[in-house]
Amino acid sequence: MTAAPGATATTADATAAETHEIDPYAEQAPPPGRFLYLLNPLAKLLAPLPVMLALVFTRGVLIPTVLIVATMLLLFIGAKLSGRVITGLLVGTPLMVAVLGISFGIWTDPARVDQTSDAASVVLLEIGDWRFTLAAYLVGLATALRIAALVLLSLLAGLTSTGPQLVRAMVQNLRVPYRIGYTALAALRFVPRFGYELEVIRAAHRVRGTDHGRGPVAWVRRTIGLAIPLLASAIRHAERVALAMDARAFGAHRARTERTISRWRVRDTVFVLVFWAVVAAVYWWGLSAGATVTDLMETL
């Protein structure tokens with residue numbers, strides 16, 4: 001007797017949830033049909049890295065805009081995003097670009113603006129002798145678009161890879177010493193535990209009625225009251241982790257076995273090469289359309 005597809009998916013989700021409750025750091029099955037989760041984390045870092053460097057030297061709004069749109073499409077197709085993340089990308093990105101564009105435009109040095117362009121004659125705002133021109137706004141907008149493109153490119157790996165996956169890939173594929181990699185991973189796992197400990201301490205303070213009061217003085221008093229027990233808890237946890245690592249002979253040998261293998265596959269190479277080819281085509285088209293690439297020192 002064959003189970004219905006919906007029942008199979010529900011059972012798999014329930015099993016994954018139970019596994020996550022037992023071990024929050026256990027490997028999770030990748031969402032079906034989302035190819036970004038199947039790639040090596042290093043591939044998702046290596047592919048956008050040259051693009052991010054090239055963006056630093058790029059002027060104009062055309063290339064960063066195309067990269068922003070293309071990266072969003074890649075995230076929507078290849079990653080399973082929550083509604084909040086999708087809303088943040090669709091609404092937050094244009095809002096961030098608008099705010100940063102105006103801010104950078106206001107602080108743009110007028111000497112850096114091409115005063116012979118038509119945009120320099122368009123005054124958007126004038127207060128006394130100070131004038132905010134369209135040319136200055138476009139300079140700020142280009143900077144804001146570059147920042148937005150850099151953030152979105154970093155999300156390719158950030159939203160589809162976990163810290164343990166990245167550390168395993170660096171240790172196994174890049175030959176990073178495991179003493180450094182897994183020690184950093186142990187420190188990274190302190191963060192959610194500290195969040196849990198902080199909530200426990202806050203709940204204890206509420207039960208005892210010691211979290212009352214408003215204003216900056218009460219806030220400082222509450223913060224100190226939270227920091228001291230949190231620091232004590234962190235020291236105790238660090239000691240337990242150090243003892244556990246020593247008991248398991250961590251660092252006693254030059255190499256160690258791995259429970260989860262991180263492999264660099266053909267699809268990782270294909271993804272990187274296709275990504276670079278598409279970006280090269282975007283730059284070729286953008287430069288043909290009039291965008292400019294300048295030296296970093298000239299940009300600064």
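The values are calculated or read from the model by the stated rules, or taken from the named source; none is laboratory data. As the structure is a prediction and not an experimental result, all values here were calculated from the model. No Cβ is skipped: glycine too gets one built from the backbone with ideal geometry, and neighbour counts run over all protein chains shown. With ligands, DNA and RNA removed, areas are computed over all heavy atoms of the protein, side chains included. Shrake-Rupley method; radii C 1.70, N 1.55, O 1.52, S 1.80 Å.
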Notebook entry, point to check: For the Cα atoms of the chain, what angle does the longest principal axis make with the long axis of helix 163-173, in degrees from 0 to 90, nearest 10?
Noted result: 90 degrees
Next item on the list: Using a cut-off of 14 Å between beta-carbons, work out the net charge of the residues near L152 (Lys and Arg +1, Asp and Glu -1, L152 not included).
Entry: +2
Check: Given 0.36 nm per residue, what is the gain on full extension from R175 to R254 after removing their alpha carbon distance, in nm?
Finding: 27.3 nm
Notebook entry, point to check: Tally Lys and Arg at +1 and Asp and Glu at -1 over the other residues with C-beta under 11 Å from the C-beta of R256: what net charge comes out?
Noted result: +3
Margin query: Tell me the Kirkwood radius of the chain: reciprocal of the mean inverse pair distance over distinct alpha-carbon atoms, in Å.
Written below: 23.8 Å
Next item on the list: Round to the nearest 10 and give me the degree value, 0 to 90, for the angle of helix 178-188's Cα axis relative to the longest principal axis of the chain.
Entry: 90 degrees
Notebook entry, point to check: In Å, what is the Rg of the alpha-carbon atoms in region 115-162, and how long is Dmax?
Noted result: 16.9, 53
Check: trypsin sites (Lys or Arg not before Pro), restricted to region 185-258: which are DSSP loop and have at most 11 other Cβ atoms within 10 Å?
Finding: R214, R248, R254
Check: Between S121 and M52, what FRET efficiency follows from the Cβ-Cβ distance if R0 is 22 Å, with the result rounded to 0.05?
Finding: 0.05
Checklist line | For region 98-105, Karplus couplings with θ = phi - 60° (6.51, -1.76, 1.60), whole Hz, Gly/Pro x | finding: 5, 5, 5, x, 5, 4, 5, x
Notebook entry, point to check: Where in region 131-165 is the amide nitrogen less than 17 Å from a point lying 7 Å along the Cα-to-Cβ axis of R84?
Noted result: 159-160
Next item on the list: Would you mind getting the accessible area per residue of the chain, heavy atoms of the protein chains only, 1.4 Å probe, in Å²?
Entry: 64 Å²
Notebook entry, point to check: Quick one: length gained pulling A186 to V99 fully straight, 0.36 nm per residue minus the C-alpha distance?
Noted result: 27.5 nm
Item checked: Amide N of region 163-196 lying under 12 Å from the label point, which is placed 7 angstrom from the Cα of L231 along Cα→Cβ -> none
Checklist line | For the chain, calculated [θ]222 nm from helices alone, where every DSSP H run of n ≥ 4 adds -39500 (n - 2.57) | finding: -21000 deg cm²/dmol
Check: Fully extended, how many nm does the chain gain between L243 and V270 (0.36 nm per residue separation, minus their Cα-Cα distance)?
Finding: 5.4 nm
Note to self: Give me the net charge for the shell around N40: Cβ to Cβ below 13 angstrom, other residues only, Lys and Arg +1, Asp and Glu -1.
What the structure shows: +4
Check: Over the heavy atoms of T210, what accessible area does a 1.4 Å probe trace out, to the nearest 10 Å²?
Finding: 70 Å²
Next item on the list: Average the reciprocal distances over every distinct pair of alpha-carbons in region 67-133, invert the result, and give the Kirkwood radius in Å.
Entry: 14.8 Å
